[in-house]
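What follows is a short report on a single structure.
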Amino acid sequence: MAGIPHSQNSIETVADLEFPGGPIPLDSPFYIDRSGAEARACAEISKPGGLVRIKAPRKMGKSSLMLRIIHGAAARGYRIVTVDFQQADEAIFTGLDKFLRWLCVNAARQLKLEPHLDDFWDEDMGSKVSCTIYFENYLLAQIDSPVLLVLNEVNRVFEHANIAQEFLPLLRFWYEQSRQIETWEKLRIAVIHSTEIYIALSLNQSPFNVGLPIKLSEFTAEQVQDLARRHGLEWSDNNLIQKLIKMVGGHPYLVHLALYHLAKSLQNHLLERENQEAKDLMQSELEQLLKAAPTQSGIYSDYLRNHSIAIQQQPELAAAFQQVVDAENSVRLEPLIAYQLDSMGIVKIEGNNCSVSCELYRLYFQGQNLCDDNLPVVVFEKLQQENQRLLALVNVDELTQIGNRRHFDSCLRAEWKHMERSRSPISLILCDIDYFKVYNDTYGHQAGDDCLRSVAQAISRSIERPADVAARYGGEEFAVILPETDASAALVVAEKIRAETKALNIVFNPSMVECLPNSNITLSLGISSVIPGAENDVATLVLAADEALYDSKRYGRDRATMSTLLNFRFATVNNGG
């Protein structure tokens with residue numbers, strides 16, 4: 001793409017400017033191919049069992065490159081499966097089995113195949129073996145051409161160590177299978193991520209030391225000049241390029257945004273002035289743009305404000321980045337913190353040390369005390385308003401108007417720490433609407449949504465203390481966190497939830513479907529309770545409640561079951577009370 005020809009500089013050259021934001025379209029003249037990354041990636045996936053690993057901070061061009069890899073593969077007649085882990089519900093990451101089943105169904109749907117998952121899934125063999133058999137004996141066996149599996153935002157998987165420690169070695173195993181088994185040669189994999197992996201994997205298990213690594217770099221001065229030319233900006237003065245790079249580095253998005261605004265300004269000037277006079281104004285335009293760049297009135301204000309809010313919501317990140325901003329030289333940070341800052345693109349990791357990635361961030365953040373609770377009142381109020389707006393968006397389930405999975409995860413971690421300090425019990429209830437899929441299919445999605453809303457409100461009415469939290473766990477599942485609540489008290493709450501739900505009298509006619517336990521909508525519930533300590537963790541509490549919920553379903557549904565996993569006496573309360 002770097003060799004795209006250009007016409008002479010004129011107003012027509014930049015008539016179709018593209019505002020930078022999402023992936024750059026395939027036919028765009030503004031795509032810069034860095035170090036031949038596109039050709040190298042396409043060459044790798046053309047090989048049997050090829051694997052490409054693309055790493056770069058956010059807004060560095062990963063998605064744009066991914067589009068071109070997919071386009072190249074499709075042009076060769078490959079079938080494409082794109083899995084974006086950012087689109088996965090948090091519930092998908094609750095266990096390896098659920099995660100791998102989701103992956104398999106996703107792949108089957110995109111390959112236009114019926115999932116038939118249960119035909120290949122065997123609990124005795126385990127989910128990894130089942131998933132491998134499913135890919136080999138069903139998906140790859142059904143497809144004659146190579147299949148490109150694109151795994152985007154894999155860093156989301158890194159955040160769930162229990163999943164990552166199983167899934168990433170599985171990818172490595174598939175890659176090695178392609179060296180031995182013909183069927184696996186069809187599978188080509190592209191792994192795209194923003195951060196380094198920060199869980200322990202042996203060299204023989206990691207997919208991050210095989211295949212072709214591509215680390216998207218910043219634009220060079222020559223590439224910035226090339227992109228400027230494509231925007232109709234003939235910058236023969238190299239000093240202009242250097243000024244821009246000094247402020248924003250070679251960050252593709254930041255460079256592109258600056259050139260877009262300058263090109264738009266040039267267009268306006270060309271309408272009013274002679275060509276040469278308009279060009280002469282560009283230096284002063286650039287200087288004004290760069291002067292305002294690290295301020296609230298600059299073109300990067302929204303971008304910088306989002307970074308500021310994200311950093312200040314995480315005190316550990318704020319404290320670490322404050323060190324980097326204030327230091328004259330690079331600073332050594334804890335690896336996980338360094339990787340998180342690197343994924344935001346605001347630091348560069350050099351060896352074991354970090355430094356601010358460009359002057360834009362240093363100038364913007366050095367005017368703030370990221371660790372100071374006494375921020376200027378106006379700034380603090382703006383941050384509070386923005387935080388409240390964001391919290392309303394990210395913590396409330398839109399359909400049921402109770403907490404969503406993100407809110408549940410955050411509250412559970414916080415309450416676990418509180419109970420651990422006070423040595424008090426914490427209980428968790430997981431609730432599942434019995435045969436909800438059948439209900440939804442029978443009465444329609446609108447009735448299904450109404451049912452979910454009604455059940456959510458019934459659960460909310462069943463908890464009385466301010467510290468108790470009700471949330472939609474995923475799909476037709478709900479969760480209730482009960483701090484300072486032991487097993488017997490949790491069982492009482494669970495029974496109240498079950499009774500409130502039955503009292504809704506949501507008709508579910510058993511004559512339409514066999515084996516229904518009741519003529520109305522009912523709940524199955526699983527309960528776990530523990531005093532947090534060094535010998536247990538949050539994941540164990542969730543697992544215990546999940547297994548108890550499974551027991552409620554297995555023994556007839558419409559009942560609450562207490563977990564025995566955490567050494568509590570097994571108890572079941574069925575629909576007889």
*asked:* I'd like to verify a number: residues in the stretch 131-171 that are basic (Lys, Arg) and free of Cβ contacts under 8 Å to residues at least 12 places away in the same chain, how many?
replied: 0
*Which of the residues belonging to the stretch 419-443 are assigned to a strand (DSSP E or B) and either modelled with pLDDT under 95 or of a type in the set (A, V, I, L, M, F, W, C) (or both)?*
Ile426, Leu428, Ile429, Leu430, Cys431, Ile433
*Give me a count of the residues in the stretch 225-247 that are more than 37 Å from the chain's Cα centre (by Cα) and among the acidic types (Asp, Glu).*
2
*Selected residue [in contact (Cβ under 8 Å) with a residue 60 or more places away in the chain, closer than 29 Å to Lys98 by Cα and among the hydrophobic types (A, V, I, L, M, F, W, C)] from Leu491, Leu482*: Leu491
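Which is under 24 Å from Ala293 (Cα atoms) and modelled with pLDDT of 90 or more, of Glu359, Glu386, Glu381?
Of Glu359, Glu386, Glu381, the one residue that is under 24 Å from Ala293 (Cα atoms) and modelled with pLDDT of 90 or more is Glu359.
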*asked:* Among (1) among the aliphatic types (A, V, I, L, M); (2) under 30 Å from Glu185 (Cα atoms); (3) open to solvent by 20 Å² or more (accessible area, probe 1.4 Å); (4) at pLDDT 80 or above, there is one condition Ala200 misses while meeting the rest; what is its number?
replied: (4)
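Just the residues that are of a type in the set (Lys, Arg) and surrounded by 20 or more Cβ atoms within 10 Å (Cβ to Cβ), please, taken from the stretch 80-120.
If the condition is that a residue be of a type in the set (Lys, Arg) and surrounded by 20 or more Cβ atoms within 10 Å (Cβ to Cβ), then Arg101 is the only one that fits.
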*Report the residue count in the stretch 444-497 for those that are in a helix (DSSP H, G or I) and either over 17 Å from Arg559 (Cβ atoms) or open to solvent by 10 Å² or more (accessible area, probe 1.4 Å) (or both).*
22
*Qualifying residues in the stretch 131-187 (those that are closer than 18 Å to Ser46 by Cβ and basic (Lys, Arg)) - the one most open to solvent (accessible area, probe 1.4 Å)*: Arg179
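Just to be sure before I move on: is Ile163 farther than 22 Å from Phe93 by Cβ and β-branched (Val, Ile, Thr) in the structure I sent?
No; evaluated as a whole, the condition is false for this residue.
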_Residues to consider are Ala292, Ala278; find the one that is closer than 25 Å to Phe19 by Cβ and modelled with pLDDT under 85._
Ala278
*Out of (1) modelled with pLDDT of 90 or more; (2) open to solvent by less than 20 Å² (accessible area, probe 1.4 Å); (3) more than 17 Å from Gly367 (Cβ to Cβ), what's the single condition that is false for Ile299?*
(2)
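Kindly indicate which of Tyr339, Tyr300 is more than 24 Å from His160 (Cα to Cα) and touching a helix residue (DSSP H, G or I) at 6+ places or on another chain (Cβ under 9 Å).
Within the list Tyr339, Tyr300, the selection yields Tyr300.
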*How many residues, within the stretch 76-92, are modelled with pLDDT of 95 or more and either of a type outside the set (Lys, Arg) or more than 26 Å from Gln142 (Cβ to Cβ) (or both)?*
6
*Filtered residues of the stretch 349-368 (kept if part of a loop (DSSP other than H, G, I, E, B), open to solvent by 50 Å² or more (accessible area, probe 1.4 Å) and in contact with a helix residue (DSSP H, G or I) (Cβ under 6 Å, 6 or more places away or on another chain))*: Gln366
*Could you tell me whether any residue of the stretch 93-105 is touching a residue at least 40 places away in the same chain (Cβ under 8 Å) and under 30 Å from Tyr303 (Cα atoms)?*
yes
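Hey, among Gly72, Gly50, Gly61, which residue is open to solvent by less than 60 Å² (accessible area, probe 1.4 Å), at positive phi and at pLDDT 90 or above? Even if it seems obvious, please write down each step before you answer.
Details: Gly72 fails: at positive phi; Gly50 fails: at positive phi.
One residue alone meets the criteria, Gly61.
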*Go through the stretch 293-312 and give me each residue that's out of contact with any Leu (no Cβ under 6 Å at 6 or more places or on another chain), of a type in the set (Val, Ile, Thr) and part of a helix (DSSP H, G or I).*
Ile309
*Enumerate the pairs (first residue in the stretch 447-467 and closer than 15 Å to Gln401 by Cβ; second residue anywhere and open to solvent by less than 30 Å² (accessible area, probe 1.4 Å) and in a helix (DSSP H, G or I)) with beta-carbon separation below 6 Å, excluding pairs fewer than 6 apart on the same chain, so at least 6 apart or on different chains.*
Val455/Thr501; Ala458/Thr501; Ile459/Ile497
_Count - residues of the stretch 308-348 that are within 13 Å of Arg362 (Cα to Cα), among the hydrophobic types (A, V, I, L, M, F, W, C) and surrounded by 18 or more Cβ atoms within 10 Å (Cβ to Cβ)_ = 5
_Pull out all pairs, ordered by first then second residue, where Cβ-Cβ is under 8 Å, the residues are six or more apart or on different chains, the first lies in the stretch 219-233 and is more than 13 Å from His256 (Cβ to Cβ), and the second is hydrophobic (A, V, I, L, M, F, W, C) and open to solvent by 20 Å² or more (accessible area, probe 1.4 Å)._
Ala221/Ile245; Gly232/Ile11
_Could you check the stretch 554-571 and list, in sequence order, the residues that are open to solvent by 60 Å² or more (accessible area, probe 1.4 Å) and either more than 32 Å from the chain's Cα centre (by Cα) or modelled with pLDDT of 90 or more (or both)?_
Arg554, Tyr555, Thr564, Asn567, Phe568, Arg569, Phe570
*Whichever residue in the stretch 225-259 is in a loop (DSSP other than H, G, I, E, B) and among the acidic types (Asp, Glu) and, among such residues, is surrounded by the fewest Cβ atoms within 10 Å (Cβ to Cβ)*: Asp237
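The values are calculated or read from the model by the stated rules, or taken from the named source; none is laboratory data. Being a predicted model, the structure only gives us computed values, none of them experimental. We place every Cβ from the backbone using ideal geometry, glycine too, and count neighbours over all the protein chains shown. These area figures cover heavy atoms from the full protein model, side chains too; ligands, DNA and RNA do not enter into them. Shrake-Rupley method; radii C 1.70, N 1.55, O 1.52, S 1.80 Å.
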